[in-house]
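K.L.:
Provided herewith is a single structure, encoded as structure tokens, for subsequent inquiry.
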Amino acid sequence: MENVPAPTKDTIPIWIIWFGIILMIGVPLGNAVMTLVGPDLGSVTLADGTETETGLFKYAVRNIAAAVITVFALYRRSAAMLVVVLIMRFITEAGDLLDAILFAQMDSTGITGYTSAMIFLAFIPYTIAIRQLWPMAR
């Protein structure tokens, strides 16, 4: 049996690694692919019936960039880089949530569901991860 070194206080918690792989890499890449292959990539019809250019392409590229940066931070096992990525994602997700509430034309059930999902799948885990990584990042 090999001698496996015990985790130190500077070891990135395993749940943060898996959370990063699944929700901070997998989900953004999945969203990016779905956005890039979607039929409405170049334009969107507004509520008043007018068409306008949309930021969907930028949204897809933003998600790809966030996933790549997360891959790099996890590969390096850098607590400081992960804190920066988590803060970036926290701000991005808050902006997406605000955008959905203000402009997505969802009913109250949709808004409640989306807000709850963001709180439990993003904001709470991001906050806990930042608190755990902060002492290592300083």
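The values are calculated or read from the model by the stated rules, or taken from the named source; none is laboratory data. Bear in mind the structure is a predicted one, so any value in this text is a computation, not a measurement. Using ideal geometry, Cβ is built from the backbone for each residue, glycine included, and neighbour counts are taken over all protein chains shown. Areas reflect the complete protein model, heavy atoms only, side chains present, ligands, DNA and RNA absent. Shrake-Rupley method; radii C 1.70, N 1.55, O 1.52, S 1.80 Å.
K.L.:
Going by the conditions given, is R62 modelled with pLDDT of 95 or more, basic (K, R) and out of contact with any strand residue (DSSP E or B) (no Cβ under 9 Å at 6 or more places or on another chain)? Talk me through it step by step, then tell me what you get.
P.N.:
Values: modelled with pLDDT of 95 or more: no; basic (K, R): yes; out of contact with any strand residue (DSSP E or B) (no Cβ under 9 Å at 6 or more places or on another chain): yes.
Criteria not met by R62.
K.L.:
Filter the stretch 95-116 down to the residues that are of a type in the set (A, V, I, L, M, F, W, C) and open to solvent by 40 Å² or more (accessible area, probe 1.4 Å) and list them by number. Steps first, please.
P.N.:
Pass one, the stretch 95-116, residues of a type in the set (A, V, I, L, M, F, W, C): 97-98, 100-104, 106, 111.
Matches in the stretch 95-116: L98, I101, L102, F103, A104, M106, I111.
K.L.:
Give me the pairs: first residue in the stretch 61-72 and without any contact (Cβ under 8 Å) to a residue 24 or more places away in the chain and under 18 Å from I16 (Cβ atoms), second residue open to solvent by less than 40 Å² (accessible area, probe 1.4 Å) and among the hydroxyl-bearing types (S, T, Y), beta-carbon distance under 6 Å, and six or more apart or on different chains, which are they?
P.N.:
No pair meets every condition.
K.L.:
Just to check your reading of the model, which residue among R77, R62, R89, R131 is open to solvent by less than 40 Å² (accessible area, probe 1.4 Å) and of a type outside the set (F, W, Y)?
P.N.:
Working: R77 fails: open to solvent by less than 40 Å² (accessible area, probe 1.4 Å); R62 fails: open to solvent by less than 40 Å² (accessible area, probe 1.4 Å); R131 fails: open to solvent by less than 40 Å² (accessible area, probe 1.4 Å).
Only one candidate passes the filter, namely R89.
K.L.:
Give the residue, chosen from T50, T54, T45, T70, that is hydroxyl-bearing (S, T, Y) and modelled with pLDDT of 90 or more. Write out each step before concluding.
P.N.:
On the way: T50 fails: modelled with pLDDT of 90 or more; T54 fails: modelled with pLDDT of 90 or more; T45 fails: modelled with pLDDT of 90 or more.
The unique qualifying residue is T70.
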